[in-house]
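In what follows, a structure is listed as structure tokens, so that the remarks can point back to it.
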């Protein structure tokens, strides 16, 4: 059913106003789409335009920065970059570095809702690992809080984790409490090159199992050659870097140090996104890295990955929709049974492939969760797994 | 009472000897680590496999009988205390390590593998970070239910940060696989929702855990101070210096006295507080930070310091800390422990308040806590042989919980709500918050047969099907009346 007018945009500026927008949408059965910075709005299964867009742009307050407690309370619409700026004054950070997290880009609410991550995940984990508390607005107008403001708390159900990565299908993230970490005073990066996927896999594995604990451990592959990248942070990062350089060399890689390394990591995380081609996120296993790299090579994709975690982002360059669809299906065939989720892709591609992969695997339990939290079914309907 | 036909059915599923109904045998299972609560089940069942668990749960569902799952029974919030006249499902026979996949830093286990066995299975190159002090006996299934913490949470996090996959049996007998060895499988993070749900959402029969490489070096130090406040300030300074030690623990004078009586670890008895700081990481990083820690000890007036010279001494320092609860018997016949959390920056004022409350009630309160994450463990010392002391000790402990919540903290950091703290849930959460929690519970267990009288302060229905009033399972089992 095509709507006859552009969707109305609501911009609540307080939790109560947000609750009211949600309640009204639920009561009137108006399909609602939540929007933060708009950097990931195209992700998920394509749907008809919504009736109402709820923009979090005015839910943009840094509510608390509890420096001594290493916590921050942020409204969902706070751009991640602005939060990081505020925290940097005390040499602290939310240890999340997803792509497009600069300027007015990704908001903390959007990053949490999609569970998006960057290279720092190797050491610090994903949004699910850093979120301490959450305030949500549901489609019956309920504004509820779960978790707390302290870094350790097991009271009540962990709704913060439930909402993290739920793509806004359960409700609106009004506010989050995040655990903070100190910014490492110094960083240094070790790089190791090879055009042999097995050598890259062996090198990454050696670093991942070593006792030297890098902040980031990534792999990169493009144009027939690859690189393992390990970043060390701390007051004395050079020693670990030197040890890891030896490990990379022992695995047959050509290794070197890169001192000034910010730009390099910016470029690395930027490659998780694509404006004209397609990006497929592979939930694999670290031990299968060579197979994933070879698959990328064989379909002509470039790849970035969290080498120690088994997560990879495969980027297919600009091509006809039909070619991209075939390439995505080929990747899935080669990497079965690893989940391969299509993130960025032209809409005509996303209409032809199952964005989330095999929807038959979605347990009825997930649908029951959706129904309990969003009984009218109006919150970001249809964009998530299994048509949720 | 449980229908005799149902008991027979359980016996057909699990074998005669694994279904206990004898009153004396059941006494073993009437309580857990919260020992002053007791409630014998009507029947205790010891299934041997996930499939037997499924059949037992299914039978309970068909008969609308509430049940509680139990591991080693070391929990301190009463989470495994049976429903009176209900079924207790004892999982101790599901104790196999199913797979060690070191290449991918994963271990797959049944629920009643002990916490310590995981690290042993992947050591010495790797370890499993969440380490509750009861780790030698407490089981992974229980750790998952409670989202257990331990001494190394400040840097490494909690059980929930290490569970990547679960096979669970829902209360209608359905078996659901959530997550796996891989990260970021599409769909809701129901693994994250299940961990810490205190046995109210189902039974985990297969658990996939992440393990991590052991650090290159450890540097374990102790600073001795005249007062807890000085030790607390040292912690603040360490965190402000940008350090994330693997563990930061404080023991007060009374705790040191108790634990020294037992472990003889060499802590001096004439100090007000001991601060244990363990750094880990690369050798170079530990050395660089070690000097900073010693300087902070000195700056805050440490009367002495100790540095572990080898792995044995490190183990001894930790042995004393881990024995703190058990050793309380040396200074008091009974104790009641809470695990409230405060924002660490409010430590001094909350400790002052605890001291005032301790004087007001006339009970000694020992303090031992995870100082990095503000997780207190006030141990209220009392003597249950004196009439009324237990009640007054509980009242004092409750007042401490309230003081912690008022300081912006939480009623529980790692022990769980269970029976013990459900009355405090409303100190921390509004009715709307509790209703939101209930939505999750209803999605998993609409009949609320799984551990029904835990976590939530008052029984509430799922209200999915409009129509005539239906009895809450607790009412049906004759445990609760409608109120």
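At a glance:
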item	result
Flag for residue A:142 being surrounded by fewer than 24 Cβ atoms within 10 Å (Cβ to Cβ) and either in contact with a helix residue (DSSP H, G or I) (Cβ under 8 Å, 6 or more places away or on another chain) or at the interface with chain B (Cβ under 7 Å from one of its Cβ atoms) (or both)	yes
Test result for residue B:62, crowded, with 21+ Cβ neighbours inside 10 Å and over 30 Å from residue A:307 (Cα atoms)	no
Set A:116, A:129: member being assigned to a loop (DSSP other than H, G, I, E, B) and on the phi < 0 side of the Ramachandran plot	A:116
Hey, residue A:161 within 9 Å of chain B (Cβ to nearest Cβ), in contact (Cβ under 8 Å) with a residue 12 or more places away in the chain, within 17 Å of the chain's Cα centre (by Cα) and not in a strand (DSSP E or B) or not	yes
Count - residues of region A:164-190 that are in a strand (DSSP E or B) and either under 18 Å from the mean Cα position of the chain (by Cα) or farther than 20 Å from residue A:123 by Cα (or both)	8
Residue check for residue A:210: more than 9 Å from chain B (Cβ to nearest Cβ) and more than 24 Å from the chain's Cα centre (by Cα)	no
Given (1) in contact with a helix residue (DSSP H, G or I) (Cβ under 8 Å, 6 or more places away or on another chain); (2) within 14 Å of another protein chain (Cβ to nearest Cβ); (3) more than 23 Å from residue B:243 (Cβ to Cβ), number of the condition residue B:370 does not satisfy	(3)
Residues that are surrounded by fewer than 20 Cβ atoms within 10 Å (Cβ to Cβ), in contact with a helix residue (DSSP H, G or I) (Cβ under 9 Å, 6 or more places away or on another chain) and facing another protein chain (nearest Cβ under 9 Å), drawn from region B:409-433	none
Flag if residue A:56 is farther than 27 Å from residue A:19 by Cα, assigned by TED's automatic domain parsing to the domain that holds residue A:382 and touching a helix residue (DSSP H, G or I) at 6+ places or on another chain (Cβ under 6 Å)	no
Selection status of residue A:149, within 12 Å of chain B (Cβ to nearest Cβ) and over 21 Å from residue B:163 (Cα atoms)	yes
Segments classed as strands (runs of 3 or more DSSP E), wholly inside region A:286-388, with at least 1 members that are closer than 20 Å to residue A:195 by Cβ, under 22 Å from the mean Cα position of the chain (by Cα) and in the same structural domain as residue A:22 (by TED's automatic domain parsing)	none
Per-region count, region B:87-130, residues over 30 Å from residue B:58 (Cα atoms) and within 14 Å of chain A (Cβ to nearest Cβ)	15
Conditions (1) over 22 Å from residue A:310 (Cα atoms); (2) touching a residue at least 12 places away in the same chain (Cβ under 8 Å); (3) within 10 Å of another protein chain (Cβ to nearest Cβ); number of the one not met by residue B:157	(1)
Flag if residue B:68 is out of contact with any helix residue (DSSP H, G or I) (no Cβ under 6 Å at 6 or more places or on another chain) and crowded, with 24+ Cβ neighbours inside 10 Å	yes
Test for residue B:79: is it buried (at least 24 other Cβ atoms within 10 Å of the Cβ) and assigned to a loop (DSSP other than H, G, I, E, B)	yes
Residue list for region A:341-366, restricted to those being in contact with a helix residue (DSSP H, G or I) (Cβ under 7 Å, 6 or more places away or on another chain) and more than 8 Å from every other protein chain (Cβ to nearest Cβ)	A:342, A:345, A:346, A:348, A:349, A:352, A:353, A:359
Some residue of region B:330-353 being out of contact with any helix residue (DSSP H, G or I) (no Cβ under 7 Å at 6 or more places or on another chain), farther than 21 Å from residue B:78 by Cα, within 14 Å of another protein chain (Cβ to nearest Cβ) and at pLDDT below 95	yes
Failed condition for residue A:310, given (1) surrounded by 22 or more Cβ atoms within 10 Å (Cβ to Cβ); (2) at positive phi; (3) more than 14 Å from chain B (Cβ to nearest Cβ)	(3)
Within region B:259-349, helices (runs of 4 or more DSSP H) holding 3 or more residues that are in contact (Cβ under 8 Å) with a residue 12 or more places away in the chain and closer than 21 Å to residue B:237 by Cβ	B:283-299
Filter result for the condition that a residue is within 14 Å of another protein chain (Cβ to nearest Cβ) and either touching a helix residue (DSSP H, G or I) at 6+ places or on another chain (Cβ under 6 Å) or under 19 Å from residue B:376 (Cα atoms) (or both), over B:283, B:249	B:249
Of all residues making up region B:402-431, the number that are closer than 23 Å to residue A:72 by Cα, assigned to a helix (DSSP H, G or I) and free of Cβ contacts under 8 Å to residues at least 24 places away in the same chain	2
Region A:195-234, residues that are on the phi > 0 side of the Ramachandran plot and crowded, with 21+ Cβ neighbours inside 10 Å	A:213, A:234
Residue list for region B:350-369, filter: over 19 Å from residue B:271 (Cα atoms) and either under 17 Å from the mean Cα position of the chain (by Cα) or outside any loop (DSSP other than H, G, I, E, B) (or both)	B:350, B:353, B:354, B:356, B:357, B:358, B:359, B:360, B:361
Residues satisfying the stated conditions in region A:66-95, i.e. surrounded by 20 or more Cβ atoms within 10 Å (Cβ to Cβ), outside any strand (DSSP E or B) and within 14 Å of chain B (Cβ to nearest Cβ)	A:69, A:70, A:87, A:95
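Here's the yes/no breakdown for (1) in contact with a helix residue (DSSP H, G or I) (Cβ under 6 Å, 6 or more places away or on another chain); (2) free of Cβ contacts under 8 Å to residues at least 12 places away in the same chain; (3) closer than 26 Å to residue B:290 by Cα:
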| residue | (1), (2), (3) |
| --- | --- |
| A:214 | no, no, yes |
| A:222 | no, no, no |
| A:234 | yes, no, yes |
| A:247 | yes, no, no |
| A:251 | yes, no, no |
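The values are calculated or read from the model by the stated rules, or taken from the named source; none is laboratory data. The model shown is predicted, which means the values in this text are computed figures rather than measured ones. Reconstructed Cβ throughout: ideal geometry from the backbone, glycine too, with neighbour counts over all protein chains shown.
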